[in-house]
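Novice: The structure under discussion is supplied below as structure tokens; questions concerning it will follow.
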Amino acid sequence: MVNDSLKEKAYRLIKEKIINCEYMPSSFLVENELMEQVGASRTPIREALNKLEQENLVRILPKKGVVVCDIVLGDINKIFEVRELVEPYIIRNYAANISREVLLAVKKKITVIEMAGERTTVYAADNDLHQMLISASNNAYFSELMSRIYAQNHRIRILSGQKIEHRIQETHEEHMLIFSYLLDEKYEEAAEAMKEHLQRSKLAAINAMMS
């Protein structure tokens, strides 16, 4: 029987390196090196890789090895298509579940981080906002779906981040508008502001990947 804690450790560590682009798209992963890095035997590593393949983060190629999935322009369109459908819907239907205290706390945290302008923490702050909204739905299926989407979205940010520094200030302004509507309980306006934010983020990512 595979040690569940080792399997989860292998999955978590390999996934973290993939989404942070320490393992770059199109690179091959060497099983023996993964075993050494994770400190686990071959079986937990293989089970972790099977799970990551289901999440479209790696491809297992028979007799060739394991390759980190690439990100192409079509992926950006598909990722944001899902986000533009799901996130405004969640705001319209579930944002009222979020207390004013939570909204103010998350807004304050995001403001401090985004004004500092350090890319890595800005990405984390952006995730805080979107995860707050997903959690408000109390729907495990939304959470599972968006966890996979955000993992891919994070890779896009890492790969294109250096080319879209101007988006940090723009993103902050867009976030503040969303919070303003949420705090005023104007959920339809907040949903539309989120949709526009996502459309601008998609365009910036596409332009960065093409430049």
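Novice: Could you give the nm distance between label points at residue 53 and residue 97, where each point is 7 Å from its Cα heading toward the beta carbon?
Specialist: My value for the distance between the label points is 3.5 nm.
Novice: Which helices pass in the chain if a helix is a full DSSP H run, must span at least 20 angstrom along its long axis by Cα, and must have mean Kyte-Doolittle hydropathy not below -0.5? Present the calculation step by step, with values, prior to reporting the outcome.
Specialist: Details: long enough: 4-19 (22 Å, -0.61); 73-94 (31 Å, -0.08); 100-116 (24 Å, 0.64); 119-136 (26 Å, -0.09); 140-160 (30 Å, -0.13); 166-183 (26 Å, -0.32); 187-210 (34 Å, -0.42).
Passing helices, by number: 73-94, 100-116, 119-136, 140-160, 166-183, 187-210.
Novice: Now a separate question. Amide H neighbours of residue 58 under 5 Å, counting only residues 5+ apart in sequence or on other chains, H built in-plane at 1.01 Å?
Specialist: So residue 58 has HN proximity to 53, 69.
Novice: Still on this structure: How much length would be gained if the chain were fully extended between residue 26 and residue 144, taking 0.36 nm per residue of separation minus their Cα-Cα distance, in nm to one decimal?
Specialist: On the way: separation 118, 0.36 × 118 = 42.48 nm, distance 2.50 nm.
Gain on extension, residue 26 to residue 144, equals 40.0 nm.
Novice: What does the charge add up to near residue 137, with Lys and Arg as +1, Asp and Glu as -1, over the other residues with Cβ less than 15 Å from its Cβ? Working shown, then result.
Specialist: Values: positive: 83, 92; negative: 87, 144.
Around residue 137, the surrounding residues sum to 0.
Novice: How large are Rg and Dmax for the range 4-68 when calculated on the C-alpha trace, in angstrom?
Specialist: 10.5, 28
Rule-based calculations on the coordinates, nothing more; no lab input. Everything numeric here is computed off the predicted structure, so don't read it as measured data. Quick reminder, even Gly has a Cβ in these numbers, built from the backbone with ideal geometry, and neighbours come from all protein chains shown.
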